[in-house]
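Here's the structure we're looking at; comments come further down.
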Amino acid sequence: MYAQTYGSTVLGINGQLITVEVDIANGIPALDIVGLPDTAVKESRERVRAAIKNAGFEFPAKRITVNLAPADLRKDGSGLDLPIALGILAASGQLSPDVCAACVFIAELSLEGRLRPVPGVLPTLLACKAAGKDKIIVAPENGREALLAGEVSIYAPETLGELVLHLNGERPLGPLIPGIDTTSTETDGDDFSEVQGQFIAKRAIEIAAAGGHNILMVGPPGSGKTMLARRITSILPSMSREEALEVTKISSVAGQLKGNTGLVRSRPFRHPHHTISAAGMIGGGSIPRPGEVTLSHNGVLFLDELPEFPRQVLEVLRQPLEDGHVTIARANASFQYPASFMLVAAMNPCPCGYLTDPQRSCTCTQSDIRRYIKKISGPLLDRIDIHIHVPRLQYSELTAHAPTESSASIRSRVEAARLIQRERLKSSGKMCNAHMSHKEVKKFCQLSPVARSLMQDAFHKMNLSARGFDRILKVARTIADLEAAATVCENHIAEAIQFRSAEEIISW
Ligand SMILES: Nc1ncnc2c1ncn2[C@@H]1O[C@H](COP(=O)(O)OP(=O)(O)OP(=O)(O)O)[C@@H](O)[C@H]1O
Ligand SMILES: [Mg+2]
């Protein structure tokens, strides 16, 4: 007897519809799964056998062959348990093959026969929808996430027994009904109004947020670098539905959508510890998982104490910083993960931290400082558009009770500037100035004559690379956008150049 049904697997952050074919023939009892299954899929044999028996069905004592098509694609994860079990039930006459072939099944099975949630349900659902499948069965814990795909009927039975009764029409279940999305865009309460003084740093952060620029903060201990960085997502514009869907897909694949949540609406803020490995940063592993660069897609990747990160971990950032994605090659497949994030880095100017402090003297030797700074390579620094010094606060600044500007008020300016950028870059689908190509920089960063001569001076004096030159123009464009100015003028260029003087902040 033969039966066919459908399941799904995850490739990178996208889903792939899988056809599950089951053939039952006379012979020595066995269950073989072919079609490049990984370890979790191979283990599904034992789960499926136990689940079928414990749910009160008969496990055929015959030779069973399961083929997962397309056969040349590696199948990951435990989500194929359910379609394999139903394929066996249909091929052995315990379920109508027609109803079985009309649905897609995505769930792991417990030995008892319960449906268990799996990661990556949203991307797999989107793939099913694209393939024209409109009836999907998932575990109850995945129900709310599955509804995000929209325009498909989702059923979420508790057990295999309940599902078979539904499919046979004996006890039909109703499809899940989308509730009101109650997830809010509010962040967890960190606000710029709590930061006293630091006007230059705040201005630089506003510019960075407005144009999506990378930023490096250098300053003595306790000057507020970490405090400032943690508040950056509170001034970033809210995500569009497409951006939110992408972020939710990534969280789903990474198994981080806890507690049956809906669409992720707040921009990610990732702050990996400096003991992270290169694979943890970029993604990969034997079962490929997105790394920190992908988890911070559409949000902020914050590297605190930058020189403490191993050099090879910092070097792997170069590709995603340039391309906005990472490619992970495996023996049987290569995946592309999105990785378009704003890099925010913080560091002390030297190991003791007080090199730039006018009140305290630095106790480091020149070679200590050189060793400390050397970890950050020139090419990485070249990819950071804004470098600022965050000085220690004066007593009067710290104790001032003057109200400082709130995140909401800064965000309204950032949003206005982003709107101008989106409109200007709409033909290429880019969201902000930081992502402009060289051609776009040439086209959109028209300078006034005085600004042009200022730029020429800076090029020679600062020994700028071609990339550094473009990056100053992009920052100047953002500063002009914050003022809604059409042309980039000398004051915009002058401010952008000021933010590029890492050499003065860090003594090389
Ligand atoms: N501008 C400020 N306004 C109000 N409080 C501040 C400010 N700067 C620092 N603080 C206080 O000092 C604490 C330490 O700041 P933070 O951890 O951000 O310093 P840091 O620059 O990251 O230091 P380190 O280099 O040691 O990591 C903050 O939690 C906050 O309470
Ligand atoms: Mg800190």
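The values are calculated or read from the model by the stated rules, or taken from the named source; none is laboratory data. What you see is a predicted model; the values in this text were computed from it and never measured. Glycine also receives a Cβ, built like all others from the backbone with ideal geometry; neighbour counts cover every protein chain displayed.
Suppose we keep only residues that are among the hydrophobic types (A, V, I, L, M, F, W, C) and outside any loop (DSSP other than H, G, I, E, B) within region 335-344. Which one would you say is surrounded by the fewest Cβ atoms within 10 Å (Cβ to Cβ)? Residue satisfying both the conditions and the ranking: 335.
One line per residue, one yes/no per condition, for (1) surrounded by fewer than 18 Cβ atoms within 10 Å (Cβ to Cβ); (2) under 17 Å from residue 204 (Cβ atoms); (3) not assigned by TED's automatic domain parsing to the domain that holds residue 323:
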{"site": "416", "(1), (2), (3)": "yes, no, no"}
{"site": "469", "(1), (2), (3)": "yes, no, yes"}
{"site": "496", "(1), (2), (3)": "no, yes, yes"}
{"site": "499", "(1), (2), (3)": "no, yes, yes"}
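Residue by residue, here is whether (1) among the polar types (S, T, N, Q); (2) more than 20 Å from residue 329 (Cα to Cα); (3) assigned by TED's automatic domain parsing to the domain that holds residue 130; (4) more than 27 Å from the chain's Cα centre (by Cα) holds:
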{"residue": "14", "(1), (2), (3), (4)": "yes, no, yes, no"}
{"residue": "27", "(1), (2), (3), (4)": "no, yes, yes, yes"}
{"residue": "41", "(1), (2), (3), (4)": "no, yes, yes, no"}
{"residue": "54", "(1), (2), (3), (4)": "yes, yes, yes, yes"}
{"residue": "65", "(1), (2), (3), (4)": "yes, yes, yes, yes"}
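One residue alone among 143, 132 is outside the structural domain of residue 417 (by TED's automatic domain parsing), under 30 Å from residue 269 (Cα atoms), at pLDDT below 90 and more than 16 Å from ligand 2 (Cβ to nearest atom), and that residue is 143. Mind checking which residues of region 309-356 are more than 21 Å from the chain's Cα centre (by Cα) and among the β-branched types (Val, Ile, Thr)? Listed by number, the list holds a single entry, 356. For region 1-56, name all the residues that are among the acidic types (Asp, Glu) and in contact with a strand residue (DSSP E or B) (Cβ under 7 Å, 6 or more places away or on another chain). Across region 1-56, the qualifying residues are 21, 23, 32, 38. Checking each residue in region 379-398 for being surrounded by fewer than 20 Cβ atoms within 10 Å (Cβ to Cβ), in contact with a Lys or Arg (Cβ under 9 Å, 6 or more places away or on another chain) and not basic (Lys, Arg) picks out 379, 382.
The single condition from (1) surrounded by fewer than 24 Cβ atoms within 10 Å (Cβ to Cβ); (2) charged (D, E, K, R); (3) at pLDDT 90 or above that residue 81 fails is (1). Within region 227-256, the residues that satisfy the criterion of being assigned to a loop (DSSP other than H, G, I, E, B) and out of contact with any Lys or Arg (no Cβ under 9 Å at 6 or more places or on another chain) are 231, 240, 256. When you scan region 291-301, do you find a residue that is within 16 Å of ligand 1 (Cβ to nearest atom) and modelled with pLDDT of 90 or more, even just one? Yes, region 291-301 contains at least one residue that is within 16 Å of ligand 1 (Cβ to nearest atom) and modelled with pLDDT of 90 or more. Taking the conditions (1) outside the structural domain of residue 385 (by TED's automatic domain parsing); (2) surrounded by fewer than 22 Cβ atoms within 10 Å (Cβ to Cβ); (3) under 29 Å from the mean Cα position of the chain (by Cα) in turn, residue 462 satisfies each one other than (3). Each residue in region 358-378 was checked for being farther than 27 Å from residue 199 by Cα and either modelled with pLDDT under 80 or exposed (fewer than 15 other Cβ atoms within 10 Å of the Cβ) (or both), and 11 of them qualify.
Go over the candidates 464, 454 one by one and state the one that is part of a helix (DSSP H, G or I) and of a type outside the set (Ser, Thr, Tyr). Going through 464, 454 in turn, just one is part of a helix (DSSP H, G or I) and of a type outside the set (Ser, Thr, Tyr): 454.
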